[in-house]
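Read the structure below first, then the notes.
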């Protein structure tokens, strides 16, 4: 049986376990346009993974727009409604189900920690074949989301493992900044669209293509596999 000592795996969701980044990008574009803000999708993509509040503030700063709190709330609601229509197109990333199944079979704790709200995350988690009992921490459970460390700190606490013995797996620089600030080992995946250099500069110890690639190299992040 594999082992990772007393540690655990703390996974981001969008772009890490499921191929949903571009659905979120398009949903945010529709939400922004509904508020009278036109922005290229690449600029939106660069902010995916941040907490919703920071995401909106950053884009408003870049565009010079000013919105009332009520307008921002409505924009976030449009994003949620639009993404809900797109979630049927979301698929698990290669190896995601197999990676979670392997860790479970090996007795290695894992949990998903996402900056999304539970309402949105619940439908995305079902894409992985998981139900409402799946270990999950969302924006609703913490005061601040990524790049603050709160999500990962709460995730490790819920599993009863030291954060310093945990491996954070994410696809964005925001995941890895949060991981570094939490004191966990950060592992990056290219499946969300960020580049190798970006993820390494943000603190990734190792970078892999996708969950399938990580599964093939678990020994490199301290998981002892049979015969290892």
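Yes or no, residue by residue, for (1) outside the structural domain of residue 215 (by TED's automatic domain parsing); (2) surrounded by fewer than 18 Cβ atoms within 10 Å (Cβ to Cβ):
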site: 80; (1), (2): yes, yes
site: 125; (1), (2): no, no
site: 131; (1), (2): no, yes
site: 139; (1), (2): no, no
site: 150; (1), (2): no, no
site: 153; (1), (2): no, no
site: 156; (1), (2): no, no
site: 162; (1), (2): no, yes
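Quick one: how many residues across segment 1-34 are more than 24 Å from residue 202 (Cα to Cα) and at pLDDT 85 or above?
Matching residues across segment 1-34 total 10.
Results for (1) in contact (Cβ under 8 Å) with a residue 60 or more places away in the chain; (2) part of a loop (DSSP other than H, G, I, E, B); (3) farther than 20 Å from residue 55 by Cα, shown as yes or no for each residue.
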residue	(1), (2), (3)
85	no, no, yes
94	yes, yes, yes
100	yes, no, yes
119	no, no, no
123	no, no, yes
131	no, yes, yes
134	no, yes, yes
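In segment 88-123, which residue that is out of contact with any strand residue (DSSP E or B) (no Cβ under 8 Å at 6 or more places or on another chain) and crowded, with 19+ Cβ neighbours inside 10 Å is modelled with the lowest pLDDT?
Among them, the one singled out is 120.
Looking only at segment 136-162, which residues are assigned to a loop (DSSP other than H, G, I, E, B) and within 24 Å of residue 80 (Cβ to Cβ)?
Within segment 136-162, 138, 142, 143, 144, 145, 146, 147, 148 meet the criteria.
The values are calculated or read from the model by the stated rules, or taken from the named source; none is laboratory data. Computed from a predicted structure; not experimentally measured. Every residue, glycine as well, gets a Cβ built from its backbone with ideal geometry; the counts of neighbours run over all protein chains shown.
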